[in-house]
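Every read-out reported here was derived from the displayed coordinates using simple, explicitly stated rules and does not represent laboratory data. Remember, predicted model here, so these are calculated numbers, not experimental data. Ideal geometry is used to build each Cβ from the backbone, glycine not excepted, and the neighbour counts take in all protein chains shown.
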Amino acid sequence: MKFQVNRDVFSEAVSFVVKLLPQRNPQPILAGVLIEATDAGLSLSAFDYEASARTTIEATVDDPGTILVHGRLLSEIASRLPNAPIQIAVDDDGIVLTCGSARFTLASMPVQEYPAIPEVSGESGVVPADDFATAIAQVAFAASRDDVTPVLTGVQLEVTGTQLSLVATDRYRVALRDIPFDSGIVADENTTTALVPARTLTEVGKTFAHSGDITVSFSGSGDREIIAFTAGNKTVTSLLIKGNFPPVRRLFPEATDHHAVVNTGELIEAVRRVALVLDRSAPLRFTFGADGVSMDASGTEQARATESVDATLTGDEVVIGLNPQYLLEALAAVKSEFTRVTFTSSENANKLSPILITPQTSGGVESFKYLLQPNLLLR
């Protein structure tokens, strides 16, 4: 095999396909990047049985062929090469890469042992890339990082008609965002669901954020159900998480008039300052009253902090304890100058009622909702 390719194009392509590979893989063969050279150009792929990435780029191919080379090493080399075309060829010593006066000889991995990259041919639809990337950023952080309960480490995608919903929870909070979805079927009210690992979905959002439109495809069955995201010459696939995602939608309350409206940026800065004295797991005490919202934190070594910001309260005064980091992540996801904090009610008098955080906008249905369970205040 022998080909020549633009350095920047090749470096970006290799970087893309290795992003989804785990830092440590129990099977060395899965650390490889598969490069296929044909008369049409280059195809680069990576796959670890759970997620795959594939892209095609233009190249001058003198001798078609297929090679498998260590992906992260190739990515690091490509990113540091001089500004000149890259030539890659296979000889008796292995894979030889030259760029200007730089020359690298890399070991070839056995192509025949590499698994087949998943092919997607099922139902699909289109979402705006910028909306999808924003929605992922607003929801994925609420997924659990504890692998003990795999279903909570994913983001549930739910397609109904012309709407795609993204939902995530770690038991202490729930994040929900709706965006438009074009399936090409006007009256399709069936619901299609896919539980996607949050880590993979986050990389998809970052990679495809400025790609125009993204085609979302569902394929496979049984234990090998997969979802694919395609934009331009790039495709990412992910094996779906098996299991029943909890019915968290029913936790969101009906409309209530008991709420406070506060400037998002001011509240973020105040929470960051006051939380500095708190122990890592301690809640921050909030008092929502007629004069605004005040924060009170008592930490170790007799450290204490208080601060207040303006707020408009509708209803009775509320004193509540909240995880400051969970609140900050929600406020950062609001994407609005003002935030509405709604105080819900529970039929169980012995159970704390969650708060609902949404953007404060003029009318319309909110596409982003965040439900946060309060902490018990011991003082």
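Observations, loosely collected:
- Shown here for region 143-209: GluC sites (Glu not before Pro) in loop regions (DSSP other than H, G, I, E, B) with at most 16 other Cβ atoms within 10 Å, namely Glu189.
- Region 33-118, dipole about Cα centre (Lys/Arg Cβ +1, Asp/Glu Cβ -1), debye to the nearest 20: 360 debye
- Neighbourhood net charge (15 Å Cβ-Cβ; Lys/Arg +1, Asp/Glu -1) for Val174: +1
- Estimated inter-spin distance, Asp310 and Arg249, nm [label 7 Å along Cα→Cβ]: 3.9 nm
- Within the same chain, lysines fewer than 8 places from Lys2 are excluded, and of the rest, those with a Cα less than 27 Å from its Cα are Lys19, Lys234.
- Label zone (Arg273, point 7 Å along Cα-to-C-beta; backbone nitrogen cut-off 12 Å) within region 310-347: 310.
- With helices as the sole contributors, the chain gives -5000 deg cm²/dmol at 222 nm; each DSSP H run of n ≥ 4 counts as -39500 (n - 2.57), and the sum is divided by every residue.
- Unit charges on C-beta of K, R, D, E only; dipole of the chain, Debye: 920 debye
- Signed unit charges on C-beta, dipole axis of the chain, positive-most listed residue Thr287, Ile57, Ile67: Thr287
- In terms of Cα atoms, the Rg and Dmax of region 107-166 work out to 16.9, 50 Å.
- Modelled label positions at Ala116 and Thr193, each set 7 Å beyond Cα in the direction of Cβ, lie 3.0 nm from each other.
- With the charge dipole of the chain set up from +1 on Lys and Arg Cβ and -1 on Asp and Glu Cβ about the Cα centre, the Cα lying farthest toward the positive end among the listed residues Gly32, Val309, Gly122 is that of Val309.
- Averaging 1/r over each pair of different alpha-carbon atoms in region 52-190 and inverting the result gives 19.6 Å, the Kirkwood hydrodynamic radius.
- Share of pairwise Cα separations in the chain, more than 27 Å, in percent: 57 percent
- Whole-angstrom Cα spans of region 221-379 along principal axes, big to small: 55, 41, 37
- Among the trypsin sites (Lys or Arg not before Pro) in region 247-327, those located in a DSSP loop and surrounded by at most 11 other Cβ atoms within 10 Å of their own Cβ are Arg280.
- Phi angles across region 151-161 convert, under the Karplus curve 6.51 cos²θ - 1.76 cosθ + 1.60 with θ = phi - 60°, into 3J(HN,Hα) values of 5, 8, 8, x, 10, 7, 9, 10, 9, 9, x Hz, Gly and Pro given as x.
- A viscosity of 0.890 mPa s and a temperature of 25 °C, combined with the Kirkwood radius over C-alpha pairs in the Stokes-Einstein formula, give region 1-69 a diffusion coefficient of 199 µm²/s.
- Amide hydrogen neighbours beyond the local backbone of Ile214, cut-off 5 Å, H modeled: Val127, Ala129
- Rg and Dmax of region 3-132, based on Cα coordinates, read 15.2, 50 Å.
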